Protein chains: 2
Amino acid sequence: MRARSHPQDEQHLTEQLGATGLRLTPQRQQVYDVLVGKQDHPTAEEVFIRAKKQMPEISHATVYNCLDALVKSGVARQVTVDRGATRFCPNMHEHGHFHCDTCGMVFDVDLPGELPGVALPRGFKPQRYEVAIHGSCANCAKEK
Amino acid sequence: MRARSHPQDEQHLTEQLGATGLRLTPQRQQVYDVLVGKQDHPTAEEVFIRAKKQMPEISHATVYNCLDALVKSGVARQVTVDRGATRFCPNMHEHGHFHCDTCGMVFDVDLPGELPGVALPRGFKPQRYEVAIHGSCANCAKEK
DNA sequence: TCAAGATTTAGAATAATTCTAAATACTCCC
DNA sequence: GGGAGTATTTAGAATTATTCTAAATCTTGA
């Protein structure tokens, strides 16, 4: 069973993209659907493979382009926890990422609340922050 | 004027590497010196270029190898704030990273204290965490 | 309907990292 | 001190990740 995006999603996408000066195209919708369909933090390459199943003519460059568009308009996040391919995540709620250094999987984790005031040097303008936790996931911790 | 590592550093390096089953080699020392010499979070490529000035025969693969060795033995950290090349940092004190999305520079920032207890799923074993803040640095914020 | 601009496409190009096999260096044991 | 065995380095090839390019297609507004 695959998750098909709801009308609200479509309208939301249109609005969010529009606010950034971008259009909702079938490709962007498809890439978004892939992200929402299985929230396992796929790489661009993974997204490409999955999107191709529904839309065989989609190209590599388009996937990168769509992912960038989605990130720019605030409906997806880029997750860079480790060397290697960047991952993507459609969960826009405040959360951090747990990266299993053994199997490489990435999991969303709730964060306790606002990051306590970090003292930034004068003039620095923060916009968002990312928390990445490294360790072993339940499965891998058990193995060892 | 370049920072030359102190004897303590050398002994410390030897110990830390040794505890991980690795030796302190001239190349590893050199790569470490580069990191300590200018703490601007260089990429592996940057480290390669700088290391070459003192040790012209050092190879690309060795720099990657040395950086991995230093990270594994806990004397340097890998910093992955964005798509693109990984950066490295010899500051092992508890700190986060500020990434300027305009100029791409990375700055160390103090963190307020222990990350408040994040509720991890059962069985997950955390080992370390990273906080990355994105925004504009003082210089770039001024320009705009 | 047409022109202008946005988007997609295939494939080439570039950048980042890892791999490979051979050469070198070091450590331990005799 | 001489070797055997292991660790490390080296150059360069290979692989992986991402970006670029130029042409084709789509959309929108006059």
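Residues in the range A:30-63 that are among the polar types (S, T, N, Q) and away from DNA strand D (no atom under 11 Å from the Cβ) were compared, and the one that is nearest to A:V81 (Cα to Cα) is A:Q39. The residue that is farthest from the other protein chains (Cβ to nearest Cβ), among those in the range B:79-128 that are free of Cβ contacts under 8 Å to residues at least 60 places away in the same chain and acidic (D, E), is B:E94. Number of residues in the range B:4-58 that are touching a Lys or Arg at 6+ places or on another chain (Cβ under 6 Å) and open to solvent by 20 Å² or more (accessible area, probe 1.4 Å): the value is 3. Among the residues making up the range B:69-86, a single one is within 8 Å of DNA strand D (Cβ to nearest atom) and in contact with a Ser or Thr (Cβ under 7 Å, 6 or more places away or on another chain): B:R83. Scanning the range B:134-144 for residues that are part of a helix (DSSP H, G or I), within 9 Å of B:T102 (Cβ to Cβ) and facing chain A (nearest Cβ under 7 Å) gives a single hit, B:A141.
Please verify whether A:V131 is part of a helix (DSSP H, G or I) and either open to solvent by 50 Å² or more (accessible area, probe 1.4 Å) or β-branched (V, I, T) (or both), treating the condition exactly as stated. Against the criterion (part of a helix (DSSP H, G or I) and either open to solvent by 50 Å² or more (accessible area, probe 1.4 Å) or β-branched (V, I, T) (or both)), A:V131 does not qualify. Out of B:C66, B:C89, one residue alone is at pLDDT 95 or above and near DNA strand D (Cβ under 10 Å from one of its atoms). It is B:C66.
Taking each residue of the range A:39-57 that is within 11 Å of DNA strand C (Cβ to nearest atom) and looking for partners that are open to solvent by 70 Å² or more (accessible area, probe 1.4 Å) and part of a helix (DSSP H, G or I) with beta-carbon atoms closer than 8 Å, six or more apart or interchain, yields A:F48/A:H60; A:M55/A:P26.
Right, B:K72: over 25 Å from A:V106 (Cβ atoms), assigned by TED's automatic domain parsing to the domain that holds B:L17 and open to solvent by 80 Å² or more (accessible area, probe 1.4 Å) or not? So B:K72 fails the test. Condition first: outside any strand (DSSP E or B) and touching a Gly at 6+ places or on another chain (Cβ under 8 Å). Can you find one or more residues in the range B:78-85 that meet it? So far as the range B:78-85 goes, yes, one or more of its residues are outside any strand (DSSP E or B) and touching a Gly at 6+ places or on another chain (Cβ under 8 Å).
The values are calculated or read from the model by the stated rules, or taken from the named source; none is laboratory data. Model, not experiment: these values are computed from the prediction. Virtual Cβ from ideal backbone geometry, glycine too; neighbours counted across all protein chains shown. Keep in mind that these areas ignore ligands, DNA and RNA; they rest on the heavy atoms of the full protein, side chains included. Shrake-Rupley method; radii C 1.70, N 1.55, O 1.52, S 1.80 Å.
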